[in-house]
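The values are calculated or read from the model by the stated rules, or taken from the named source; none is laboratory data. Since the model is a prediction, treat every value here as computed from it, not as a measurement. Note that each Cβ is placed from the backbone with ideal geometry, even for glycine, and that neighbours are counted across all protein chains shown.
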Amino acid sequence: MDLHHLRLLRELGDRGSLAAVARAMHITPSAVSQQLRSLQRSARVPLTERRGRRLVLTGAGRALAAAAIEVSTALDRAGRAVDAYLDDPAAPVTVAAFHSAGLTWFGPLLGRPGLPPVRCSDEDVAQAHFPALVADYDLVLAHRLAYSPPWPAGRLTVVPLVHEPLSVAMPAGHRLAAKAALTVADVAGEAWLCVHEGFPLEGVLTAIAAAAGRPLEIVHRVNDFTVAAAIVAAGGGLALLPGYTSRPGPGVVLRPLADLPAGRHIDVLARPESLHRAAVRTVLDALREIAGSPV
């Protein structure tokens, strides 16, 4: 049964004539009749009958009209419940982030006054798997290389957070540490640490190898930048580290690649409907403000 048809039946019972219903609903009397006939086809017994020139409700019609009131009331209550949920500023918000983003922003986010409860999770996944996380979290901090394809359009809302430069990390005593900037030729012959296959930073090493015309020697595969920095400091090879979200320590120096600038986009991904919630928008605004401050 169509809710609009049920409303017309109720209006007929309350107003007493097709003409009065048509005036109230801003449609023609013939349209009212047609829609009531559609409703009648879903019922086993007559809902209306003629009394002289007037169309009135039968006993079954009056019973259905009364039920229509209950249906309308329940739907209105459901709509108000949704509105209350969307407008609740204190509803918990779930946030997922890859490791270095979580290390950088979870602490400031949780320490920020006036926010709704925030539930944090670490999700260090391959670039292609970030969009699927919006099914499980309200906000997902994701990263992709500057020249990578954009996130899939349509089912995602993408909010840019920051563009982060990537630099070559090496021990403070390395022979290349005296240079202010490096070239592909400087680093192509070195041993390297790399993230696991499918993770965004791998593409930069692929680009370095392509520019050098030779494969790089990958000796370690480590996703965690803190672990990678420790290996670099111990002389285990060079690595790419982000400029904002890594803390390499005093034993490691970062140098840019002059002839192959590298960077990554850090974005917030969400389902469009998630951003209808006031609490989610509040946390998103806080993330944007934190990311806009020095880290």
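Tell me, please, whether a residue that is of a type in the set (A, V, I, L, M, F, W, C), more than 15 Å from the chain's Cα centre (by Cα) and either outside the structural domain of V222 (by TED's automatic domain parsing) or outside any loop (DSSP other than H, G, I, E, B) (or both) can be found in segment 128-140. No, the conditions are met nowhere in segment 128-140. All of (1) farther than 25 Å from A153 by Cα; (2) of a type outside the set (K, R); (3) surrounded by fewer than 20 Cβ atoms within 10 Å (Cβ to Cβ) hold for S246 with one exception: (3).
If you check S38 against the conditions, is it in a loop (DSSP other than H, G, I, E, B), out of contact with any Phe, Trp or Tyr (no Cβ under 7 Å at 6 or more places or on another chain) and under 30 Å from L12 (Cβ atoms)?
Here the answer is no, as S38 does not meet what is asked.
Scanning segment 249-287 for residues that are under 30 Å from A91 (Cβ atoms), out of contact with any helix residue (DSSP H, G or I) (no Cβ under 7 Å at 6 or more places or on another chain) and surrounded by fewer than 15 Cβ atoms within 10 Å (Cβ to Cβ) gives P272, E273, D285.
If I filter segment 78-99 down to residues being part of a helix (DSSP H, G or I) and of a type in the set (A, V, I, L, M), which single residue comes out as farthest from V283 (Cα to Cα)?
The residue in question is A78.
Restricted to segment 178-206, and to residues there that are of a type in the set (A, V, I, L, M, F, W, C) and surrounded by fewer than 16 Cβ atoms within 10 Å (Cβ to Cβ), the residue that is nearest to F98 (Cα to Cα) is A191.
Which residue out of G102, G13 is assigned by TED's automatic domain parsing to the domain that holds A228 and either out of contact with any Cys (no Cβ under 6 Å at 6 or more places or on another chain) or assigned to a helix (DSSP H, G or I) (or both)? One residue alone meets the criteria, G102. Residues of segment 187-194 include none that is touching a Phe, Trp or Tyr at 6+ places or on another chain (Cβ under 9 Å) and in the same structural domain as P256 (by TED's automatic domain parsing).
Restricting attention to segment 1-36 and to residues that are over 45 Å from the mean Cα position of the chain (by Cα) and within 20 Å of V71 (Cα to Cα), the residue that is surrounded by the most Cβ atoms within 10 Å (Cβ to Cβ) turns out to be V21. Is it true that R271 is in contact (Cβ under 8 Å) with a residue 60 or more places away in the chain, in contact with a Pro (Cβ under 9 Å, 6 or more places away or on another chain) and among the basic types (K, R)? Considered against the rule, which asks whether it is in contact (Cβ under 8 Å) with a residue 60 or more places away in the chain, in contact with a Pro (Cβ under 9 Å, 6 or more places away or on another chain) and among the basic types (K, R), R271 comes out as no.
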